[in-house]
1. Which of the residues that make up the stretch 1-18 are aliphatic (A, V, I, L, M) and touching a Ser or Thr at 6+ places or on another chain (Cβ under 9 Å)?
2. State which residue is surrounded by the most Cβ atoms within 10 Å (Cβ to Cβ) when the search covers only the stretch 14-29 and only residues that are of a type outside the set (G, A, S) and free of Cβ contacts under 8 Å to residues at least 24 places away in the same chain.
3. Restricting attention to the stretch 1-25, and to residues there that are within 15 Å of V67 (Cβ to Cβ) and hydrophobic (A, V, I, L, M, F, W, C), which single residue is farthest from the chain's Cα centre (by Cα)?
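Every number in this text was worked out from the coordinates using simple rules, so none of it is lab data. Everything quoted here is computed from the prediction, not taken from an experiment. We place every Cβ from the backbone using ideal geometry, glycine too, and count neighbours over all the protein chains shown.
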Amino acid sequence: MDQHRRQQIDSITALSKRMLQRARADEWDEVASLEEQRRVLVMQCFNQVTAERDVLELGPAIREIIVLNDELIELGKRCRGKLGGDIHVKKIGGVAKRAYSSCAR
């Protein structure tokens, strides 16, 4: 694999790891920002034809990126579920507060 593509793959992997770290720290704005950077690199890297001789080297790197991405997606699902639960609790709290306020008058 040529040096430029190797650097692209390494950068994509590093960005994926940083995204996962930020997701674990619940810093989703940073995850989104890093995802934009990663998306550009992925498009540039895989917009070129892969030589057959590079497949053996490229395959493990792609698998690592997929594993990192799968974990990131799982964390995102959990966060979304928690956020949905938090919103539900706040709505119930708001309804209870309004009901209490109307009865207290």
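1. Our first condition is that a residue be aliphatic (A, V, I, L, M); within the stretch 1-18, this holds for 1, 9, 12, 14-15.
Answer for the stretch 1-18, where residues must be aliphatic (A, V, I, L, M) and touching a Ser or Thr at 6+ places or on another chain (Cβ under 9 Å): just M1.
2. Within the stretch 14-29, the subset of a type outside the set (G, A, S) is 15, 17-22, 24, 26-29.
With free of Cβ contacts under 8 Å to residues at least 24 places away in the same chain added as a condition, the list becomes 18, 21-22, 27, 29.
Values: R18: 16, Q21: 13, R22: 20, E27: 14, D29: 8.
The extreme case among them is R22.
3. The residue in question is I9.
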